[in-house]
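Asks: Shown below is the structure under consideration.
The values are calculated or read from the model by the stated rules, or taken from the named source; none is laboratory data. Since this is a predicted model, take the numbers as computed values, not measurements. Note: ideal-geometry Cβ built from the backbone for every residue, glycine included; neighbour counts use all protein chains shown.
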Amino acid sequence: MDAPEEHPRIVVGVDGSDASIAALRAAGDLAGPLGATVEAWACWDVPPGYGLYLVVGIEGFEYAARQSLEQALADAFGPELPAFVHPRLVRGKASEQLIEGSRNSSLLIVGRRGHGSLVLGSVSSACVSHAHCPVLVVHAPEEAAHRKSGGGQ
């Protein structure tokens, strides 16, 4: 039996979407009772076919990911970031990086951006299928309200 973790670690995939902001809020709600730290991961990479950017520079892609992460954190938690939340920029494909990050995590939280009521998005689906820890998939608030009102049926 594995020894219990001294400080649980929650990794949250952040892409700036409403679903990822909801995922950050869910992590914040769980962190206190669990005594956990929250790592907010924004994954970025150079899109395929952008070989020229490797010569010219890729700083723009990293900068955009940093801006998106900072805005998502502000949207989720307000102007003061809680001490238990640690932002992190990670270069690489989101699904692969989050799955790797789940190896030493207590929980992985991702937002659901998939289209349709029964199909997960590619990142959330890959994480649910391959993560090394439990995965919580969070829907964007608008999607849940839309379904409750009967608009999603």
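Asks: Quick one: Ala74 ticks every box in (1) at pLDDT below 95; (2) aliphatic (A, V, I, L, M); (3) more than 25 Å from Ser125 (Cα to Cα) except a single one, so which number is it?
Replies: Only one criterion in (1) at pLDDT below 95; (2) aliphatic (A, V, I, L, M); (3) more than 25 Å from Ser125 (Cα to Cα) is unmet by Ala74, namely (1).
Asks: In region 91-108, which residues are modelled with pLDDT under 95 and buried (at least 18 other Cβ atoms within 10 Å of the Cβ)?
Replies: Within region 91-108, Ala94, Ser95 meet the criteria.
Asks: Scanning region 1-35 for residues that are of a type in the set (D, E, K, R) and at pLDDT 95 or above, which turns out farthest from Leu89 (Cα to Cα)?
Replies: Restricting to residues being of a type in the set (D, E, K, R) and at pLDDT 95 or above, the top hit is Asp29.
Asks: Output the residues belonging to region 71-90 that are surrounded by fewer than 17 Cβ atoms within 10 Å (Cβ to Cβ) and either among the charged types (D, E, K, R) or in contact with a Pro (Cβ under 8 Å, 6 or more places away or on another chain) (or both).
Replies: Answer for region 71-90, where residues must be surrounded by fewer than 17 Cβ atoms within 10 Å (Cβ to Cβ) and either among the charged types (D, E, K, R) or in contact with a Pro (Cβ under 8 Å, 6 or more places away or on another chain) (or both): Asp75, Glu80, Leu81, Arg88.
Asks: Search region 67-95 for residues being charged (D, E, K, R) and without any contact (Cβ under 8 Å) to a residue 40 or more places away in the chain, and hand back the single one that is nearest to Ala140 (Cα to Cα).
Replies: Glu70
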